[in-house]
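FYI, it's all coordinate maths here, none of it is from the lab. Source: prediction; values computed, not measured. Glycine gets a Cβ as well: all are built from the backbone with ideal geometry, and neighbour counts include every protein chain shown.
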Amino acid sequence: MATDYFDAVPTISYKGPNTDDELAYRWYDKDRVVLGKRMEDHLRFAVCFWHSFCWTGSDVFGGGTFNRPWHRGANDSAAAAQKRVVAFEFFRKLDIPFYCFHDVDVMAQAEGVAEHRRFFAEAVDHLEQLQAATGRKLLWGTANLFSHPRFAAGGATNPDPEVFAFAAMQVRDALEATYRLRGANYVLWGGREGYETLHNTDLKRELDNLGRFLSLVIEHKHKIGFTGTILIEPKPHEPTKHQYDFDTATVYGFLKRYGLEDEVKVNIEANHATLAGHTFEHELATAAALGIFGSIDANRGDHQNGWDTDQFPNSVEEMTLAMIEVLRAGGFTTGGFNFDSKVRRQSMDPVDLFYGHVGGIDTVARGLLNAAAIIEDGRIDALRSQRYSGWDRSFGHKVSELNLAGIADLAENQRLDPKPVSGRQERIENIVNRFI
Ligand code: XLS
Ligand code: CA
Ligand code: CA
């Protein structure tokens, strides 16, 4: 099946910062080596199916605005196949290595278990062919446990065990499909796993069901031999008032309680970090400190409003601060940068999908170059190490080894009177700004 949907747009290539070509990369030069690694291998970019090829441009005030031929009629097998072909043409023309999908993104609209399994299997066969034909790879797969009305009260945390079972069926199939398509990760975003009011919610039972569901997923992953990473994507609210996977620290506490902290990492979305009242880099640094940094959804929010706008990243400054943490964390292993980003509702033309992704990719690439320059310069890391250097000297060693009373005696015997030291924040911020 051929497509002419993107015929007006050429394959995007690197043309450098001085080019006037708006459909070219100015900073993302995939073969350029940065800190010993090719840019493509550092950043591992992915396009998501759902926002770019499934969403019609509708919002709560109005219907679809986008010009996407596969949305004109019912979402049947033919429409789903056309969408898959167009999507892979897009991945190929952007010249980035990965894509991501939810089960329902890639298949025809299904009623009930039998149809769901049949339509999904048909889609996965086609995805396998498209991957082989275009050389594109799967960064992660996932199951949509939140759009269909049956999931109005959640999937794994639904009060009805029949819904729990339907969710288990979808996740079993999506996990097995991800394995078959050689996906690098499998994501669980807590869709509607949360609550609206405690008056009708048994919070403890819901948490235990969510913990058990996750344990079953891990058990099945090992049973089938999938070696990719299982990722949880934190989010504090939306769609529910309170989501259980609130932020990275909350997810870590949850994993500890159910004994899964060595089995699961996090997929951190910039927009979800800011909705939780954190910065993007805070969530990255927290995940790295807890040993659960996995992957990134690069889409950002809007500084003036408090919802999930999923915009393409376009602040080089913000991305530089995030990339410093990614590099400090040692970079990605199985993870990557997924554009879970959507063009605005008025950006209805096919070419708008390119402007969005090209700008986002260049913003991340420039953030990487800035962060690498800051790390190579070494001043910031040196100032940071200097600040903690007392712990590397003999007094610090003693404090690390003694018990509370021993440390107290040490303080008394040495007649301690420690003096405050400047944190040099403004000086450090000035140094960072010289690289942006
Ligand atoms: C929604 C989430 C979702 C996940 C995948 O806010 O970002 O798109 O990334 O289910
Ligand atoms: Ca996301
Ligand atoms: Ca989001």
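The base-10 log of I(q)/I(0) for the stretch 310-381, evaluated at q = 0.16, 0.20, 0.25 Å⁻¹, reads -0.61, -0.84, -1.11 [Debye formula, identical scatterers on Cα atoms, solvent excluded]. The orientation-averaged shadow of the Cα convex hull for the stretch 67-179, equal to a quarter of the hull surface, comes to 7.4 nm². With springs connecting C-alpha atoms under 10 Å apart, model the chain as a Gaussian network and identify which of 350, 149, 159 has the largest mean-square fluctuation. Maximum fluctuation in the GNM of the chain, among the listed residues, is at 149.
Quotient of the Cα radius of gyration of the stretch 286-435 and 2.2 N^0.38 Å, N being its number of residues: 1.47. Mean projected area of the convex hull spanned by the Cα atoms of the stretch 1-139, taken over all viewing directions: 10.7 nm². Each of 40, 317, 89, 233 was scored by other Cβ atoms within 10 Å of its Cβ. Listed from fewest to most, they are 317, 40, 89, 233.
The value obtained for the stretch 29-77, namely the Cα convex hull volume divided by the number of residues, is 139 Å³ per residue.
Taking amide H as placed 1.01 Å from N in the peptide plane, residue 295 has its amide H under 5 Å from the amide H of 266, 267, 268, each at least 5 places away in sequence or on another chain.
Kirkwood radius for the stretch 106-264, taken over all pairs of different Cα atoms as the inverse mean of 1/r, rounds to 16.3 Å.
From least to most packed, judged by other beta carbons within 10 angstrom and beginning with the fewest, 394, 295 follow the order 394, 295. For the stretch 104-200, applying the loop criterion from DSSP together with a ceiling of 10 other beta carbons within 10 Å to the GluC sites (Glu not before Pro) yields 111.
Once you've got the Cα coordinates, tell me which of 256/342; 30/83; 37/137; 30/93; 15/37 are over 24 Å apart. Exceeds cut-off: 256/342; 30/83. Among 365, 174, 114, the residue with the largest mean-square fluctuation in a Gaussian network model of the chain, with springs joining Cα atoms closer than 10 Å, is 114. With the gyration tensor restricted to C-alpha atoms of the chain, the semi-axes of the equivalent ellipsoid amount to 39, 29, 19 Å, longest first.
Per the helix-only calculation at 222 nm, which mean residue ellipticity applies to the chain, given -39500 (n - 2.57) for every DSSP H run of n ≥ 4 and division by its residues, nearest 500 deg cm²/dmol?
Rounded to the nearest 500, it is -14500 deg cm²/dmol.
Using alpha carbons only, the radius of gyration of the stretch 148-214 set against its Kirkwood radius gives Rg/Rh = 1.02. Taking the DSSP beta bridges with both ends in the chain, the antiparallel portion is around 20 percent. For the chain, complete DSSP H runs whose alpha carbons reach 27 Å or more along their own long axis and whose mean Kyte-Doolittle score is -0.5 or higher are 112-134, 161-180, 203-224, 350-377. Residues 126, 222 in ascending order of nearby Cβ atoms (within 10 Å, fewest first): 222, 126.
The trypsin sites (Lys or Arg not before Pro) of the stretch 18-88 that meet both conditions, a loop assignment by DSSP and at most 10 other Cβ atoms within 10 Å of the site Cβ, are 72.
Springs join every pair of Cα atoms under 10 Å in this Gaussian network model of the chain, and among 17, 239, 97 the largest mean-square fluctuation is at 17.
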